[in-house]
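The values are calculated or read from the model by the stated rules, or taken from the named source; none is laboratory data. None of these values were measured; they are calculated from a predicted model. Neighbour counts are summed over all protein chains in view; Cβ atoms, including those assigned to glycine, are modelled from backbone coordinates with ideal geometry. Accessible surface is based on the protein model in full, side chains and every heavy atom, while ligands, DNA and RNA are left aside. Shrake-Rupley method; radii C 1.70, N 1.55, O 1.52, S 1.80 Å.
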Protein chains: 2
Amino acid sequence: MSEFALIRQLLMSATGAPRSDVQLGPGDDAAILQAPAGYRLATSSDTLIAGRHFPENTVPEAVGHKALAVNLSDLAAMGAKPAWVSLALTLPEASEVWLRGFASGFGALAAEYGVALIGGDTTRGPLSVTLTVTGFLPESQALLRSGAQIGESVYVSGRLGAAAQELGQVLQGGSLSPDQRRHLDYPQPRVELGQQLLPVASSAMDLSDGLLSDAAHLAAASELAVDIDLSRLPLAESLASLPREEAWALASAGDDYELLFTAPNVESPRLEALSQTLGLPLTRVGRTREGDGVHCFERDGVPFEGRLQGYDHFLR
Amino acid sequence: MSEFALIRQLLMSATGAPRSDVQLGPGDDAAILQAPAGYRLATSSDTLIAGRHFPENTVPEAVGHKALAVNLSDLAAMGAKPAWVSLALTLPEASEVWLRGFASGFGALAAEYGVALIGGDTTRGPLSVTLTVTGFLPESQALLRSGAQIGESVYVSGRLGAAAQELGQVLQGGSLSPDQRRHLDYPQPRVELGQQLLPVASSAMDLSDGLLSDAAHLAAASELAVDIDLSRLPLAESLASLPREEAWALASAGDDYELLFTAPNVESPRLEALSQTLGLPLTRVGRTREGDGVHCFERDGVPFEGRLQGYDHFLR
């Protein structure tokens, strides 16, 4: 069997969930898909590059998982239900062990969310993964960055900062506990939360670049100002013993793949109930007001004078 | 303006055609699209890597054009009408001149075929482009590789071999005439032909890997044998003075992005008329029969004993 045929065969084992709306899957010039009546499509593409978006020595299962998780996180941030994914994989050599691991991590997460692999491409080169995911949105609902209104509450899901802390340890040559490794390598996209937020939230996005830069995108898109109360940030447990500024910096450094969203204050009880149902913290960390930009406070009314920087994927 | 913001702004100038079915374009976590009623979607992804799929020194306009052309060729091979494209671009540095050129080549071809850029990603790394294109197919028609029947005619569009000849000259350090350069850098996807073939052809695929390896894929998918009469190959004019085996090798070496298709013999007059209408040669180069594999003949009944090899993108 040629190297190329081996790759194709191994990747096809990452096929994900069988779906009746995939009329023709991988293997022809294009896939043929039947979009559901009464829904719109939400589509997003993300590229992950070895050494930039994940450490070079990341196990292949984790690369497969993370590449899909990051893309599903974008669909979650729209409130869309994931359906299809295409996979463009560039790899330096056709290692059977590596490909089996990749297919296993990718396929397991795809199956978990009912996503079918519909096609893609494989090429030789430095390791990178580009996925294009498509999901379904109701005709009249979507979570846009531009939907926030003045006088609303700003929320984040989950707990922040552990991913940046773990990544920092890895980059400094330190080792991670099995729990830390698992947390860093296998982020959980907030797919269920996103769909549940459709009738509740006025805007949403996922926290990939970091709380403050992402909040700035949301503020700009919605043409308003966002005030963040740093003392309310839901910090990961592992940050508890750190000086607060260090903890805040990690919590706003990105890679947590939680959702940032806004909702009218009147929705607070509904969000509390949703948090209970999902077993996921939904924490009010700020509010929107007239103006522009993101403004941080140490506590109510006391502006934070320090500097907490997120990052820009292109500049990493 | 940050490097990243510059890239985004420049790429947004490659926006292609405005389309009312794009409800939300680039800039949010995902695009929102309205699939048309009564149609299915055809989706394909291809990655182009510098130094592998195009020479390193290719002008950026040509990289933008070719990346999209190669993907549109896949939709053409299904008979689909192109609609949307997402663009994942990895580049070593944010050169404004390069990005302007890329956006210009990409945007011009997108506009020509009414394709809208719906989003994507930009990352830093060795130059590569991954596109995912989506088009529309009628509910009951598509050109699959698996549709060929026994006793049909096998056709190719256009003229073959010029691209391989030109690429060979470049790789050997030779120079190209302006016409050759233009032909190599700006392949024309057979989008109109593909759609016109929907009611005529029984199967189709595009010639990207080379006539013989691609015909082998078609034969395998349709579970039959393909006989190719090499003396009928529509050779590019620039191959006229070459020894015939050399010309045949170039004509089956790939990168021509023409269509290979089968049709019942009774469709011959319709295909002749279509060739006239499009101003594009459609040449009968062989036939299908019971059996498997691809079999080459020097002329009727005389098997060709030489070896003509296409290539495998992963092995290049």
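Given the Cα atoms of the stretch B:105-171, and with Rh set as the inverse mean 1/r over their pairs in the Kirkwood sense, what is Rg to Rh to two decimals?
Working: Rg = 18.2 Å, Rh = 17.1 Å.
That ratio equals 1.06.
Determine the share of chain B's accessible area contributed by carbon and sulfur atoms, expressed in whole percent, with a 1.4 angstrom probe. If you can, show how the numbers build up before the last one.
Details: 6120 of 12360 Å².
Within chain B, the accessible surface is 49 percent carbon and sulfur.
If I model a spin label at B:GLN149 and B:ARG307 as a point 7 Å from the Cα along the Cα→Cβ vector, what separation in nanometres do I get?
Between B:GLN149 and B:ARG307, the simple spin-label model gives 3.8 nm.
What are the label-to-label distances in nm, one decimal and shortest first, from B:GLY301 to the same spot in the other copies, with labels 7 Å along Cα to Cβ?
Once sorted, the set of distances for B:GLY301 reads 10.4 nm.
Averaged over every viewing direction, what's the projected area of the C-alpha convex hull for chain A? Give it in nm², one decimal, please. Don't skip to the end; give the middle numbers.
On the way: hull surface 67.8 nm².
The orientation-averaged projected area of the Cα hull of chain A comes to 16.9 nm².
Hey, if we sort A:SER13, A:SER153 by accessible area with the 1.4 Å probe, largest down, what's the order?
A:SER13, A:SER153
In degrees, nearest 10, range 0 to 90: what is the angle between the Cα axis of helix B:211-222 and the longest Cα principal axis of chain B?
The answer is roughly 80 degrees.
Percent of Cα-Cα pairs more than 16 Å apart in the stretch A:58-117, please.
Details: 735 of 1770 pairs.
Pairs farther apart than 16 Å: 42 percent.
Check which residues have an amide H placed less than 5 Å from B:GLY51's amide H, if you skip close sequence neighbours.
Excluding prolines and chain starts, which carry no amide H, the hits are B:GLU56.
Short version: ³J(HN,Hα) in whole Hz for each residue of the stretch A:144-153, in order, from phi by Karplus 6.51 cos²θ - 1.76 cosθ + 1.60 (θ = phi - 60°), x for Gly and Pro, what are they?
9, 5, 8, x, 5, 10, 5, x, 9, 8
Need one value: the accessible area of A:GLU290 in square angstrom, 1.4 angstrom probe, rounded to the nearest 10.
A:GLU290 exposes around 140 Å² with every protein chain in place.
Helix B:60-78 versus the longest principal axis of chain B: what angle, 0 to 90°, nearest 10, using Cα atoms?
Relative to chain B, helix B:60-78 is tipped by roughly 50 degrees.
Mind grabbing the accessible area of B:ARG287 for me, 1.4 Å probe, Å², rounded to tens?
110
Could you give, in nm with one decimal, how far A:ARG181 is from each other copy of that position, shortest first, with labels 7 Å out from Cα toward Cβ?
When each copy's label point is compared with this one, the spacings are 5.4 nm.
Taking a ≥ b ≥ c as the square roots of the eigenvalues of the Cα gyration tensor of the stretch B:1-116, is the shape rounded (a/c under 1.5), prolate (a/b larger than b/c) or oblate? Spell out each step's value before the answer.
Details: a/c = 2.16, a/b = 1.33, b/c = 1.62.
Cα axes put the stretch B:1-116 in the oblate bin.
Helix A:3-12 versus the longest principal axis of chain A: what is the Cα-based angle in degrees, 0 to 90, to the nearest 10?
50
Would you calculate the separation in nanometres between label points at A:SER231 and B:ALA5, each defined as 7 Å from the Cα along the Cα-to-beta-carbon direction?
So the label points at A:SER231 and B:ALA5 sit 3.3 nm apart.
Given label points at 7 Å from Cα along Cα→Cβ, what nm distances, shortest first, separate B:GLN23 from the same residue in every other copy?
From this label point to the equivalent ones elsewhere in the assembly: 2.2 nm.
What percent of all Cα-Cα pairs in the protein assembly as shown falls in each 10 Å bin, counting up from 0?
3, 16, 26, 25, 15, 9, 5, 2, 0, 0
Just to confirm, what accessible area per residue do you get for the stretch A:145-301 at 1.4 Å probe, in whole Å²?
Using a 1.4 Å probe on heavy atoms only, each residue of the stretch A:145-301 averages 43 Å².
Run the helix sum for chain B: -39,500 (n - 2.57) per DSSP H stretch of 4+ residues, divided by residue count, reported at 222 nm to the nearest 500 deg cm²/dmol.
Values: 9 runs with 102 residues, N = 316.
My calculation for chain B gives -10000 deg cm²/dmol from helical runs alone.
Heavy atoms only, probe 1.4 angstrom, no DNA, RNA or ligands counted: give me B:MET78, A:MET12 ranked by accessible area, highest first. Could the numbers behind the result be given before it?
Working: B:MET78 0, A:MET12 75 Å².
So, going from the largest accessible area down, we get A:MET12, B:MET78.
Would you kindly calculate the translational diffusion coefficient of the stretch A:224-316, applying Stokes-Einstein with the Kirkwood radius from alpha carbon pairs, for 10 °C and a viscosity of 1.306 mPa s, and quote it in µm² s⁻¹ without decimals? Spell out each step's value before the answer.
On the way: Rh = 14.8 Å.
After rounding, the answer is 107 µm²/s.
Just to check I understand the Karplus step: with θ = phi - 60° and J = 6.51 cos²θ - 1.76 cosθ + 1.60, what whole-Hz values come out for the stretch A:21-33, glycine and proline as x?
7, 8, 7, 8, x, x, x, 9, 5, 7, 7, 10, 10
With every protein chain in place, what's the accessible area of B:LEU207 (1.4 Å probe, Å², nearest 10)?
Near enough 10 Å² of accessible area.
So how long is each side of the stretch B:145-301 along the principal axes, counting just the alpha-carbon atoms, biggest first, in Å?
Result, largest extent first: 45, 32, 24 Å.
Starting from the Cα of B:LYS81, draw a straight line to each of the lysines and keep only those under 19 Å, dropping any in the same chain fewer than 8 residues away.
Excluding near neighbours in sequence, the set is B:LYS66.
Taking the DSSP beta bridges in the protein assembly as shown as the whole, what percent of them are antiparallel, to the nearest 5?
Details: 90 of 122 bridges.
Antiparallel bridges make up about 75 percent of those DSSP assigns within the protein assembly as shown.
So how far apart, in nm, are the two label points at B:LEU242 and A:ARG244 if each is 7 Å from Cα heading toward Cβ?
With each label point 7 Å from Cα toward Cβ, the separation is 7.4 nm.
How big is the gap, in Å, between the Cα center of the stretch A:1-48 and the Cα center of the stretch B:23-44?
The stretch A:1-48 and the stretch B:23-44 have Cα centres separated by 16 Å.
Estimate the FRET efficiency between A:ASP300 and B:VAL97 by the formula 1/(1 + (r/R0)^6), using the beta-carbon distance for r and 60 Å for R0, to the nearest 0.05. Present the calculation step by step, with values, prior to reporting the outcome.
Working: r = 50 Å, r/R0 = 0.83.
Efficiency, rounded to the nearest 0.05: 0.75.
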